[in-house]
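Structure record follows, encoded as structure tokens.
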Amino acid sequence: MATDRTFPEARTRLVQAAIRLLAANGPSEVKARSVSSEAGLSTMGVYSYFGGVPELLQAVADEGFERQAAIFKQVASTEDPMVDLCAMALGCRDFARRNPHLYDLMFGLSIHGRYSPSRGPPAVAPREQSAAFTASYSYLFEECKRLVESGCVRKIDPDLIAAQLWSSLHGFIMLELGGYFAAVADPAAEVLVPMCVNLIVGLGADREGAESSAAVATTGWARSLGVKAIPQRSRKSKH
């Protein structure tokens, strides 16, 4: 077993090892001994670099938020905040599908009894927040701020808009990861995107404009994945 001094990047190795174990076996296998073994380091490395398993898990959650922030940074790139917000929702959903245990850990759900990450937007969690969460959240906040400043929606605190959007998105993601949309042909096109549109319209946006922006985001996201976008169902009345 290598010593910590042999690997100056031991902290990173331990975080990456924990992420691999998390992906393969879920949170129950993220223990000091198993993570150290996976990283090729002594068990004391966890305590030397993090203080214990809870602190290691915080670092893993922070890594998850950094990856999420990178996705938000990549897709938040147009002049239309409604396009960007929809693209961010699709990107976040894809990230969660590819990293279900990591996403779960980021929000402190499955192991809440022994671990509670530092998280939460200012509007709903005034306590100290993780810097990684804050960096990720800032992309969502800035788009919501642009949404208000552009006149797309009513004058509402952007933090509250962000909290509503993230609450809706998180609820959708957890239900999808739980298999509750198994009977839906395309949950993103039939549930997620219409939900985002309805929320934005409820905040005061024009429905036609919101649907047009959502279509642009959906097409762009599908193109980035190399798949054909499934069009949203028409909302026109049959009568």
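A few points about this structure:
- Within the stretch 22-39, the residues that satisfy the criterion of being over 15 Å from M106 (Cα atoms), assigned to a helix (DSSP H, G or I) and not polar (S, T, N, Q) are A24, E29, A32, R33, V35, E38, A39.
- Cβ-Cβ under 7 Å pairs, at least 6 apart or on other chains, the stretch 192-208 side charged (D, E, K, R), far side surrounded by fewer than 23 Cβ atoms within 10 Å (Cβ to Cβ) and assigned to a helix (DSSP H, G or I): R207/V201
- Close pairs (7 angstrom Cβ cut-off, 6 or more residues apart or separate chains): at positive phi in the stretch 25-50, surrounded by 15 or more Cβ atoms within 10 Å (Cβ to Cβ) and assigned to a helix (DSSP H, G or I) anywhere: G26/H101
- Residues in the stretch 191-239 that are more than 17 Å from L85 (Cα to Cα) and touching a Lys or Arg at 6+ places or on another chain (Cβ under 9 Å) were compared, and the one that is modelled with the lowest pLDDT is R235.
- Residue in the stretch 105-122 that is at pLDDT below 95 and not in a loop (DSSP other than H, G, I, E, B) present: yes
The values are calculated or read from the model by the stated rules, or taken from the named source; none is laboratory data. All values reported here derive from a predicted model rather than from experimental measurement. Heads up, the Cβs are rebuilt from the backbone with ideal geometry, glycines too, and the neighbour counts pull from every protein chain shown.
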